[in-house]
Amino acid sequence: MRKFLILLSREVRASFCAPTAYIVLCFFLLLTGFNFYMGISLLSRGPSEVTVVEAFFNSIPFWIGFILIFPPVTMRVFSEEMKLGTLETLMTAPVRPWQVVLAKFCGAMVFYIVLWLPSFLYFIVFEQITGTQAAQATGAYLGSYLLLLLVGMFFISLGCFASALTQDQIVAAVISFCMIALFFFAGLLSFFSPNAAPVLRDIVSYFSTLEHMGEFSKGILDSRRLVFYGSATCVMLILTHYVFQFRRWKA
Amino acid sequence: MIKVENLTKRYAGFTAIEDLNFEVEKGEIVGFLGPNGAGKSTTMRILSSYLPPTSGRASIAGYDVFHQSMEARRHLGYMPENVPLYPEMRVKEYLDYRGALKELRGSRLRERVGDVAALCSLSGVMNRLIGSLSKGYRQRVGLADTLLSSPDLLILDEPTIGLDPNQIRQVRELIRNLARHHTILLSTHILPEVEMICKRVIIINRGRIEAADTPENLVASMRSAGGIRLEARPEDPAAAKEQLLSIKSIREVSLEAAGEWSRFTLRVEPGSDPREELWRLASDRRWSVRELSWRRATLEEAFVELTLGDEP
């Protein structure tokens, strides 16, 4: 545990030392700011059934931008160390491979959580100024952020996996973007082809991130989603561990 | 301290090392030599538990490097080739981090970081970013890292590569001082360096051990083990050559003319020194002599002979 924390603190420091971190932070602030503005202008047109939280988290431009932030956040985690050769000094110290994999995953998670912190301000400011509720209930806030956390976990584990595959950060970014985009757009099938077989639509809706957000931002916390994202993350981390060991031993 | 038995490492379609066997005793300082691609780094990586062997066993301080790798790694300080470091960290930060990973904590960690920084003359750069350091300093940061946990064994892969002559000398002095408390296995291409600091040498070529002995013995056992140079002016050089061969310990004489003088190069039996007899012969025959000298073979020549000797 101690070693995990030591590794984690280095990961966190390293991710905030890289210039990409600040580019991603700025890009993300712009994106969420724009999205918040869109949400408010939608509501200001007249009475509406959706709350600002629902409008904020359920717009397509938001999700497109959202899936773009993972590749730059995760691409360096393994690739950079492989390229620098520091993996060799790291793995010849008395640390276990799973400690390294978990520390890298959690390091990226910390950065991801930091990305989201400013967005709390939007809703606080909104409630202060307008005097209306941003969401239907506290549960809707919790639900939205819980789902973001779950989806983030899964996408970051995909990114870590991609990074363990190659020592080239650009290649890692492309692979992780493809996997995340494939997963995300497969979930949109029911929007694109309403005539698809019902079985197919059921399967698809099981992993449709957008539908999940629709539920969670209304405050409906579905435990199936917890299980789905949790187990998918575990599977990806186990695969990452294997790839990491295999690549090292093959090198 | 190190025990290697039948160690083999194969990659797809390529054998990096084959059936290596050697031992390094506690307190020894051993040079690991070989041409590029001979398998030195592969062997060192296996010893440091970075790579698993295809077959065979290796152990450090009695711990198998594969099955008891955590214990083995606790007894080891390993510096890979080209000293990979994190450029965005400061020297002190890096040493603190590495020390903590190596299970040092609290006052012991502070003490060790201070000690290794002083030993490697890093005290002046502790707050510099590693990325901004010169190659010589980076090398010393790498070396300081290997020393942090005061391991019994140091494995250094080309510790002086890319340094200027002054830095090489500093690193060499440092290694020589370390030999008092640590067992050291180091690889290098700078052979005079090995002659100066290593008590024993292992020469590896194309994945196999060609020789393992003290530098002196290696040099002595060579086909071209040293020789004597004699420049004299005998009346009949060809007859003089025959007379020289009559001295028992002289194996071979080659003759070349240098103006009026004749230059004889004599190969002698290992361990013998017939210079006195030569001098007597020359004075009996009344040859004028202007040079009679002993030329020691170097480890470099031994290395070339061993690693190129059976080149196809």
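Taken together, the values in this text are just the output of simple stated rules run on the coordinates, not laboratory data. What you are looking at is a predicted structure, and each value in this text was computed from that prediction instead of being measured. With ideal geometry, Cβ positions are generated from the backbone for all residues, glycine too; neighbour counts draw on all protein chains shown.
For Cα pairs less than 8 Å apart in space and 6+ apart in sequence, what is the mean separation divided by the residue count of region A:2-250, i.e. the relative contact order in percent?
On the way: 273 pairs, mean separation 67.3, N = 249.
Normalised by residue count, the contact order of region A:2-250 is 27 percent.
Just to confirm a number: summing +1 for Lys and Arg and -1 for Asp and Glu over residues other than A:LEU147 whose beta-carbon lies under 12 angstrom from that of A:LEU147, what do you get? All intermediate terms of the calculation are to be shown ahead of the outcome.
Working: positive: A:LYS218, A:ARG225; negative: A:GLU211, A:GLU215, A:ASP222.
So the environment of A:LEU147 carries a net charge of -1.
Could you state the angle between the C-alpha long axis of helix A:223-250 and the longest principal axis of the C-alpha atoms of chain A, as a value from 0 to 90 degrees rounded to the nearest 10?
20
Wrap a convex hull around the Cα atoms of the protein assembly as shown, take a quarter of its surface area, and give that in square nanometres. It would help to have the intermediate numbers written out before the result.
Values: hull surface 145.9 nm².
Computing the convex hull of the Cα atoms and averaging its projections yields 36.5 nm².
Are there any GluC sites (Glu not before Pro) in region A:127-233 that are in a DSSP loop and have at most 15 other Cβ atoms within 10 Å? List them by number. Before the final figure, lay out each step's value.
Details: sites: A:GLU127, A:GLU211, A:GLU215; in loops: none.
When the GluC sites (Glu not before Pro) of region A:127-233 are filtered for loop state and at most 15 Cβ neighbours within 10 Å, nothing remains.
If each DSSP helix of 4+ residues adds -39,500 (n - 2.57) and the sum is divided by the residues in the protein assembly as shown, what number results at 222 nm, nearest 500 deg cm²/dmol? Don't jump to the answer; show the numbers that get you there.
Working: 25 runs with 313 residues, N = 563.
Taking each H run of at least 4 residues, the total per residue is -17500 deg cm²/dmol.
What is the Rg over Rh value, at two decimals, for region A:11-58, using alpha-carbon atoms and the Kirkwood definition of Rh?
Working: Rg = 15.5 Å, Rh = 12.5 Å.
Rounded to two decimals, Rg over Rh is 1.24.
Full-extension gain between B:ASN166 and B:SER107, please, as 0.36 nm times their residue separation minus the C-alpha to C-alpha distance. Mind showing how you got there, number by number?
Details: separation 59, 0.36 × 59 = 21.24 nm, distance 3.44 nm.
17.8 nm is the gain from fully extending B:ASN166 to B:SER107.
What aspartates and glutamates does A:LYS218 reach when the alpha-carbon gap must be under 18 Å and sequence neighbours fewer than 8 apart in one chain are set aside?
Correct list for A:LYS218: A:GLU49, A:GLU54, A:GLU127.
Please give the FRET efficiency for B:TRP261 paired with B:GLU23, using the beta carbon to beta carbon distance and R0 = 41 Å, rounded to the nearest 0.05. Walk me through the intermediate numbers first.
Values: r = 51 Å, r/R0 = 1.24.
So the FRET efficiency works out to roughly 0.20.
Under a Cβ-Cβ cut-off of 12 Å, what is the net charge of the residues other than A:LEU189 that fall near it, where Lys and Arg count +1 and Asp and Glu count -1?
Values: positive: A:ARG201; negative: A:ASP202, A:GLU211.
Once all neighbours under 12 Å are counted, the net charge is -1.
Any idea what the alpha-carbon Rg over 2.2 N^0.38 Å comes to for chain A?
Working: Rg = 19.4 Å, N = 251, 2.2 N^0.38 = 18.0 Å.
For chain A, the normalised Cα radius of gyration comes out at 1.08.
Lysines near B:LYS9 by alpha-carbon distance under 24 Å, same-chain residues fewer than 8 away left out - which ones?
Straight-distance partners of B:LYS9: A:LYS83, A:LYS250, B:LYS40.
Write down the radius of gyration of region B:2-220 and its Dmax, each obtained from C-alpha positions, in Å.
Values for region B:2-220 (Cα only, Rg and Dmax): 17.1, 52 Å.
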